[in-house]
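Following: one structure in structure tokens, then a few remarks.
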Amino acid sequence: MRNQVCPPLRLSVTPLWLALAFVACSESVDVTDPGPDRTPAISVAAASSALALPQGERATVTVTVTRSGGLTGSVNLSLTGTPTGLTTTFAPMSVPAGETSSVLTVSAGGAAPIGTHELIVRASGAGVQQATAALGVTVEEGPTFSISLDPAVVDIFLWDHRNGECLLLGPERLRPVRPDRAGGRPYCPTGR
């Protein structure tokens, strides 16, 4: 932006001289460029707007903070909308000056509600308006398992150190069983 001061004229003022002076001075003033916006601000965004994970598992997403308007301070991150059964952590929770990202870890417990949940990432800093970003987290049914035995009845052998005998824990009662000897030490039979 240039400003030029026109020297005072000591000539007789005529309309032609006034027109020339006006044009000469007005060309040196640039009012179309107001300069950069210096209002400090922050914005926040997740690398992905959606995560999917089964119950009992965890997933991560990178959260990026952008500072503008001369802001250089740390930016604090938080999350709202987290249902019971989901746990979340930021690493780091406060993005220090000079850094721009944090990793958000979302863990779904075994009882986390199945379905899609909208979480809101919030970024805040000193002297700036809070910024937000939406993150959809879909919890899917976790793996299930069962145990079955074949045969359905299993004998369990216990060594009774007090009496020095092997006991069979059967479906009806606990009864002694004569141990075999292997290497000079008694052991309970397995599967006999």
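What follows draws every value from the coordinates through simple rules; no lab data is involved. Keep in mind that what you see is a predicted model, and the values were worked out from it rather than measured. Neighbour counts run over all protein chains shown; Cβ positions are idealised from the backbone, glycine included.
The table for this structure:
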{"read-out": "Complete set of residues in the range 54-80 that are closer than 22 Å to Thr138 by Cβ and over 13 Å from the mean Cα position of the chain (by Cα)", "value": "Pro54, Gln55, Gly56, Glu57"}
{"read-out": "Tally of residues being surrounded by 14 or more Cβ atoms within 10 Å (Cβ to Cβ) and either under 13 Å from Leu135 (Cα atoms) or in contact with a Ser or Thr (Cβ under 7 Å, 6 or more places away or on another chain) (or both) across the range 61-74", "value": "6"}
{"read-out": "Test set (1) assigned to a loop (DSSP other than H, G, I, E, B); (2) under 24 Å from Glu141 (Cα atoms) - Glu99 fails condition number", "value": "(2)"}
{"read-out": "Those residues of the range 102-122 which are surrounded by 14 or more Cβ atoms within 10 Å (Cβ to Cβ) and over 18 Å from Gly136 (Cβ atoms), in sequence order", "value": "Ser102, Gly109"}
